[in-house]
Amino acid sequence: MELLDAAQHHAPPAQLAIVHAQRGLLHLRMGANTQALHELDIAAPLLVDGDRVELARVLLNRSVIHLMTGRVRLARDDARRSAQLAHAHGHPVLAAKALHNDGYCDLLLGDVPAALRVFAEVESLYEDVNPGFLPVLALDRARALLTVGLTDEAGRTLDRAIDGFRRQRLMQDYAEAELARAQCALDAGRHDEARHWAKQAETHFKRRGSTPWALRAALMRLRCDLAQSRSPATTPGTAPGTPPGTAPGKGPGKGPGMAPGTAPGTVPSTAPGEAPDTTPGEVSGKAPTPPPTPPPTPPPVPVSAPAPRASAPGRAPASVARRAAELAARFAALDMRDDGEMARLISIRALIAAGRLPEATPGTPTDEPHRPPDGEPRGAFGGEVSDGESGRVPGGEPRGRSGGQVHGAPGDGRRVAPGGEPHGGPDGDPGEDRAEPSGREGQAASGGLAASGGPAERSGREGQAASGDSAEFSGREGQVASGDSAESGGRVESGGWEGSGEGQVASGGRGEFGGREGSGVGRGEVRGREVLVVAQDVRARAVRGGSLDVRLMRHLAEAELAGAQGERGLALRKVRDGLALIHSHRGRLGSLDMLTGVAALGADLAAHGLGTALAGGSPRHVFAWSERCRAQAFRFRPPQAPEDPQTAEALAELRQLAQRMHADEAAGQRSPALRRRCLELEQVIRERGWQLPGAGPRLAPASAAAVEEALAADDYAMVSLLNVGGGLLALVLARGRCHLHRLSAYEPVAEAARRLAGDLNAQAGRNLRPAMKAVIEASVQRQLGVITDALLAPLRQALSAARGIVLIPTMGLSAVPWGLLPDLRGRPLVVAPSALVWLAARRASGSYASGSYAGGSYAGGSCAGGSYAGGSYAGGSCAGGSYAGGSCAGGSYAGGSCAGGSYAGETYAGETYAGEPCAGKPYAGGRAPVLVAGPDLEHAEREIEQLGAVHPKAHRLTGELATVSATLAALDGAPFAHFAAHGHHERENVLFSRLDLADGPLMAYDLQRLGKAPGQVVLSACDVGQAVVRAGDELLGFTAALLYLGTSTVISSLTRVPDPVAEQVMMAYHRNVADGARPADALATASADEPASTFVCFGTG
């Protein structure tokens, strides 16, 4: 800095801007954001008529400061101007980095799909011009995935980034990725693994002198300690629903291992009040020490007595509270507000767990929404974006890269990585080739201000370092060796301001480039002072907003405190507010992957809300909270996938390769290379799906009164299963009453369900020796007995009067073939993800009692009261007239008119059923039923031929006609569809679960291309009734994909089914429906005498 001060007195006017740019960069590296902004504001107007590439760097660096301080509109404005200048002056690397920052703005605004679209574009640019920054982009993408609960995907992405950083010896980025990896493990409930990653990251940050980041790593370890000190001794994955005071301890928001807001400072070798850890350090360039395998989890305990896990020394709640309070003070001294708030909230929660309520009560913050003045950004979740030192990147932060190349004295060709680690490049590297392997350039600075003369660019932040390197920081630089105030962060709750806010600044003003408001170029120190005023105002209110991670933690802490003080109503209000934030976040997402994944962000809030409701003792209240916490993704209809050439190309190749693999398997050959390529294509398709924007809410919550009214109309009872702290509860709604029953522990029943599925699969389609067959059959009966005794025997009296059952399973119990249980065999049964899904599907399908029909001959049903959806009217009445030669709304059907449309044996309204009304009811949108036969299934075409006699007007697709494109075209808006095909459930990539058709697989992903869901679908196929169950009982699978689209009823199997059994059950089902039975009744009768039938009626019956 002294050299720059001296240079300012001697530099010619043309070079004065470089001095200010360099000084701004150094302030930025030291975490002095206000001074850095002031220097860059001076430099920018001096470069307007000078070096435009240098101006682009200054603008890009200034955009980073705005990102770090939460002024996203200003950050985007500077980044886009930087990109304009870079494009205009032929600087593609700089342009790519500016676009990278633009994508980070989308993350700060909470628009994850938009950010991922930008990142995909940046990736293609980096591959061409700057491949060394691909690990940086991978780290950012992982942080974005963490904001929507996709921890497994984020973990795999981080592993690739860690490997890239290790090879490039970018140890700052390496440690940040380790910290994000800790967040992945924490989100997954692997607390010991998370603590290990966090400790490794802390060690590396300390070694580099990156104090703010080392403090964040210590904060992550405290979150792990809190989770372990509060976790009940239950199996992984239990909840939602833990009684007050026993909620899992990990924070509800799953940030990427950081909370935002940093400033310079120092960190001791151990966190305050903690004994030193013995985690081994790491030599630069070596791979990270693999995290330990988490220890086995103790067995569940009864729900009435959740037992806290024994805490290791130093991890007891009182110890966690003390260390968190000390750490909060450290953050406060560094003006790291979001981080400090997170530490304070951890301290409060730990004090509550320790029973020290008086110490936890004072100063608990409120989260009342703040209304900023006009022109200031607003948070999409009801609060403001914190602009002070808390410019978060959701799941990440404007990063501090000290990584770039720093050259020594002229002639020293040795490359030095961040923190001085040598890159090991060839000696005497000439100036033009000095850029390190990561793609960072070495460009000579005019005037020879630096000792080595060449400005190195780092990813995102631009400017000359004191040694002469104008560093560009790819993405966002938030931290360098001296410890600048990078954002940490976690998920950004401020997920979207009203409008993009492009071009706005604190005081208005028009920038020079592109005509947007607010670049500030040319305004010099005046703008600098304005920004300081804004920053002071924002810092005064920053703590009231904060990232989504912090706000969710605040709601949870306040709810726990209110509950501990006996204020149950206040506790539930805080939980509701927190879940509302997550619901708003979900509304921006279009991918089923993300819609279901985001529930993990609120798992602890949901658990506490349900636990509090249970403590209140009202079954109806518990029912309402269970519906608030489960299967919330079904409230959002996924948007129709747009035409996308890249996705279409990947799908076409995937289908072709699937056909080749199928042929190889039939020949007894394996194709590892083809399988790898298929996995690559699936990932491409999946990532493109992540970029879909949300369509907004679709369904309003269902009230218990509305559900009970519908149940009474159908003479059904509802059983809603809950896993609370490892114990099962059943809510039973029947005959206008709601009862709560405590059942058995969850894990033994889930284990019985797993064994049952294995036994049924072993039986299906195999010629077993009698002894083996007897053993498997005995096991099947044993598992059915375990499930019956645990779940249904205690409910027999409550369910005895109901004609049928609606069953809402939880977690692994979704895999139970319920119709095989003795208590339910032959009884109408519907399985639904939630009461809301059942009620909405029932309303969509219409009332069967009034004549709605979806597939078969009507034979006596009325048309005036319902819709006709596939089959022949053989003598039924339509508005009082007979069909076979009688009148239909005034005209004869056999050659006459029906409400104006001719029906001359084949046509209706001029073609097939084209939507002309019959007594006011259309023929289900004018589409014909669809019957599809897949290949290599002996009975498929015979089954379709027999069904054709029941559905004479159906659209049949068999043989080579049964292609994916033809099937989708026929399926779009069809009233009814039946598939006889091989089915496959892909557990590892569930949206690629599929049915085999003539030209390749029809995948669950393909269904999102439909404009209108089919009304009812029967899947005479194996396995496709299965689902992957995520946090919050969110479902993914082929059947679930149809339900998400709005299909009211899906008949599908949970296991393999022998071909003869499938054919027999399906024909009996359709005959029953043709005779007027509803789907659930028809399936119950058809399956009653078939012990190998695992078909289930999903949705409504």
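The values are calculated or read from the model by the stated rules, or taken from the named source; none is laboratory data. Keep in mind the model is a prediction, meaning the values are calculated, not measured. Note that we place each Cβ from the backbone using ideal geometry, even for glycine, and neighbour counts take in every protein chain shown.
One residue alone among A981, A1040, A998, A977 is at negative phi, within 24 Å of the chain's Cα centre (by Cα) and either in the same structural domain as Q946 (by the TED database) or among the charged types (D, E, K, R) (or both), and that residue is A1040.
Of all the listed residues (I42, I65, I18), the sole one being at pLDDT 85 or above, in a helix (DSSP H, G or I) and more than 19 Å from P212 (Cβ to Cβ) is I42. Just one of the listed residues (A798, A802, A710, A757) is in contact (Cβ under 8 Å) with a residue 24 or more places away in the chain, surrounded by 14 or more Cβ atoms within 10 Å (Cβ to Cβ), hydrophobic (A, V, I, L, M, F, W, C) and in a loop (DSSP other than H, G, I, E, B), and it is A802.
For the stretch 617-632, a residue qualifies if it is under 11 Å from A599 (Cα atoms) and of a type in the set (S, T, N, Q), and exactly one does: Q632. Go through (1) touching a Gly at 6+ places or on another chain (Cβ under 9 Å); (2) among the acidic types (D, E); (3) modelled with pLDDT under 95 for D1081 and report which single condition fails. D1081 satisfies every listed condition except (3).
Across the stretch 940-974, which residue is nearest to V1061 (Cα to Cα) among those that are among the basic types (K, R) and surrounded by fewer than 17 Cβ atoms within 10 Å (Cβ to Cβ)? Before you say what the answer is, go through the steps one by one.
Quick first cut of the stretch 940-974, residues among the basic types (K, R) only: 942, 953, 956.
From what's left, surrounded by fewer than 17 Cβ atoms within 10 Å (Cβ to Cβ): 942, 953.
On the way: R942: 14, K953: 26 Å.
Checking each candidate, the answer is R942.
Could you go through the stretch 80-98 and let me know if any residue there is within 24 Å of L548 (Cα to Cα), part of a helix (DSSP H, G or I) and in contact (Cβ under 8 Å) with a residue 24 or more places away in the chain. No - not one qualifying residue is present in the stretch 80-98.
Residue-by-condition table, conditions (1) over 17 Å from the mean Cα position of the chain (by Cα); (2) surrounded by fewer than 24 Cβ atoms within 10 Å (Cβ to Cβ); (3) not small (G, A, S):
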site	(1), (2), (3)
P113	no, yes, yes
A120	yes, yes, no
E123	yes, yes, yes
A144	no, no, no
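Is one or more of the residues making up the stretch 546-556 part of a loop (DSSP other than H, G, I, E, B), within 24 Å of the chain's Cα centre (by Cα) and at positive phi? Yes, the conditions are met somewhere in the stretch 546-556. Annotation note: Cβ proximity below 7 Å between a residue of the stretch 157-171 that is under 13 Å from G132 (Cβ atoms) and a residue that is among the charged types (D, E, K, R) (sequence gap 6+ or interchain) occurs for F165/D173; R169/E421.
From the list V1057, V1050, V1018, V1065, the lone residue that is touching a Pro at 6+ places or on another chain (Cβ under 9 Å) and outside the structural domain of G602 (by the TED database) is V1018.
Apart from one condition, I808 fits all of (1) of a type in the set (A, V, I, L, M); (2) at pLDDT below 95; (3) within 35 Å of the chain's Cα centre (by Cα); the exception is (2). Please verify whether A631 is at pLDDT 90 or above and surrounded by 14 or more Cβ atoms within 10 Å (Cβ to Cβ), treating the condition exactly as stated. The answer is yes for A631. For the stretch 47-55, check the following and say yes or no: at least one residue is surrounded by fewer than 24 Cβ atoms within 10 Å (Cβ to Cβ) and closer than 26 Å to R686 by Cβ. No: the stretch 47-55 contains no residue that is surrounded by fewer than 24 Cβ atoms within 10 Å (Cβ to Cβ) and closer than 26 Å to R686 by Cβ.
Taken over the stretch 1036-1067, the criterion of being part of a loop (DSSP other than H, G, I, E, B) and small (G, A, S) is satisfied by G1037, G1046, S1048. If I filter the stretch 609-618 for residues that are at pLDDT below 95 and of a type in the set (S, T, N, Q), do I get at least one hit? Yes, because at least one residue in the stretch 609-618 is at pLDDT below 95 and of a type in the set (S, T, N, Q).
Of all residues in the stretch 203-229, those satisfying the criterion of being part of a helix (DSSP H, G or I) and modelled with pLDDT under 90 are R208, T211, P212, W213, Q228, S229.
Given the criterion under 27 Å from R223 (Cβ atoms), modelled with pLDDT under 95, surrounded by fewer than 23 Cβ atoms within 10 Å (Cβ to Cβ) and not small (G, A, S), identify the matching residue among R551, R573, R541. Walk me through it before giving the result.
Values: R551 fails: surrounded by fewer than 23 Cβ atoms within 10 Å (Cβ to Cβ); R573 fails: modelled with pLDDT under 95.
On inspection, the qualifying residue turns out to be R541.
In the stretch 27-39, which residue that is surrounded by fewer than 24 Cβ atoms within 10 Å (Cβ to Cβ) and in a helix (DSSP H, G or I) is modelled with the highest pLDDT? Step by step, filter the stretch 27-39, then rank; the result is H38.
Going by what's in this entry, would Y174 be described as within 21 Å of K199 (Cα to Cα) and among the hydroxyl-bearing types (S, T, Y)? Even if it seems obvious, please write down each step before you answer.
Working: within 21 Å of K199 (Cα to Cα): yes; among the hydroxyl-bearing types (S, T, Y): yes.
Spelling it out, Y174 is indeed within 21 Å of K199 (Cα to Cα) and among the hydroxyl-bearing types (S, T, Y).
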